[in-house]
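The values are calculated or read from the model by the stated rules, or taken from the named source; none is laboratory data. Note that the structure is predicted; figures quoted are calculated from it, not measured. No Cβ is skipped: glycine too gets one built from the backbone with ideal geometry, and neighbour counts run over all protein chains shown. These accessible areas exclude ligands, DNA and RNA; they are computed on the full protein's heavy atoms, side chains included. Shrake-Rupley method; radii C 1.70, N 1.55, O 1.52, S 1.80 Å.
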Amino acid sequence: MASNYNRKSASSGSRKARGSATSGRGARSSYTPARASGRSSGRTSSRTSPRSSQQGSYRAMPGGRYPAASPRPQQRLTSVRVGDLDRVERASRAQGTYRRHVVRIVVVLVLVAVLAVGAAVAYNSSLFAVENVTVSGVEHLTTDDMTAMANVPANTTLLRVDAAGIRERLLKNAWVADAEVKRIFPNTLELAVTERTIAAVVAVPTEDAKSVKRWAIASDHMWLMPIPDQDSEAGKRTNPKVYEDAASVLSITDVPYGTAADIGAYCTDDNVNNALDIVSGMTTDLSGRVTKVSATDAEGTTLTLDNNVEIAFGKAENIRDKERVVLKIMEDNPTVVYINVRVVDRPTWRAL
């Protein structure tokens, strides 16, 4: 009987303990002696082992009580959108790219500064001093003539030389059609010249009209030079190439009095210009056979061929048609001595 009573008491006490635990929230974390003693049996060790492994070991306090279990701190969960992550990643990449660009710009600026300082030092030093002046492309002018015209200053360098000024001085010569000043490091300056060639020799009347003076004229109608007698002192100083060309080009004769010729000036005489335009405008082998042109006036311009056939050509108009007619007449009439093609569709000729 005594044991049954003790069981009832224990069970009733257990119920009371449970009732008191549910009566208030604060009482849930405390243990009654009856409950603590009731769990000190074998069942207690089996239930407390898992709890000890999960929440840590508990040591019994004096009186059989256990300390209240401290609540585990709850982690606050936050939500992050995928777009935010992409935006952060893009911002990080952009910042890295920006830093790289800044570094590159700084490096470039430093290099430019170094090069600028080096260039300034080299420009103002005697480095690359001009020691040699060479000339290319000249036939009628001599190297000494070109060097004198270039007038390269002494103690100048390839970096400081006034190439534009030298070119301008060279172009003042009538023979020079174009010029290029080339720097050849470390110490050579080259004058590359393109010369004009003689297109014709014009017999220009002198001021007193008692004689004529032979003038060389270029295909662009620029007066090149008066041709002195080859045996004269001036002729001995003239390049032999001038006399060689003058002997192979056509002669323009019968130029009217008052025609002015000046070295480096363009011809303004219509008769001379008409004769040059006729010869330069020919496209057949007839052009190579013209030896003399009489330029009394534009309408009366007459060509003389290497076989002494005279051609009254007239103005420099319908040049190709006139050439074709002249060649046809000469082919059909081997003994022809005179052909008039001033009016190309009504030609006339005379044969022996």
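Keeping all protein chains in place and using 1.4 angstrom, which order do V176, V343, V279 fall into by accessible surface area, from largest down?
V343, V279, V176
Which of the GluC sites (Glu not before Pro) found in region 253-320 are loop residues per DSSP with 12 or fewer other Cβ atoms within 10 Å of their Cβ? Mind dumping the intermediate values first?
Working: sites: E299, E310, E317; in loops: E299, E317.
The qualifying sites are E299.
Using θ = phi - 60° and the Karplus curve 6.51 cos²θ - 1.76 cosθ + 1.60, what whole-Hz ³J(HN,Hα) does each residue of region 96-107 get, with Gly and Pro shown as x?
x, 4, 4, 5, 5, 5, 4, 4, 4, 4, 4, 4
Where in region 153-213 are there GluC sites (Glu not before Pro) that are in a DSSP coil and have at most 14 other Cβ atoms within 10 angstrom of their Cβ?
Loop-located and lightly packed - E207.
Tell me, what is the 1.4 Å probe accessible area of K241, in Å² to the nearest 10?
Number for this one is 50 Å².
Can you give the FRET efficiency for V337 and V133, using 1/(1 + (r/R0)^6), R0 = 45 Å, r = Cβ-Cβ distance, to the nearest 0.05?
Given R0 = 45 Å and the Cβ-Cβ separation, E is 0.20.
At 1.4 Å probe size, with every protein chain present, just tell me what the per residue accessible area of region 204-269 comes to in Å².
Ligands and nucleic acids excluded, the figure is 58 Å² per residue.
Give me the net charge of N308's neighbourhood, meaning all other residues with Cβ under 15 Å from the Cβ of N308; Lys, Arg count +1, Asp, Glu -1.
Computed value for this residue: +1.
In nm, to one decimal, how far is the modelled label at R289 from the one at L159, with both set 7 Å along Cα→Cβ?
6.4
What FRET efficiency comes out for T143 versus V117 if R0 is 56 angstrom and r is the Cβ-Cβ distance? Round to the nearest 0.05.
Efficiency at R0 = 56 Å is approximately 0.90.
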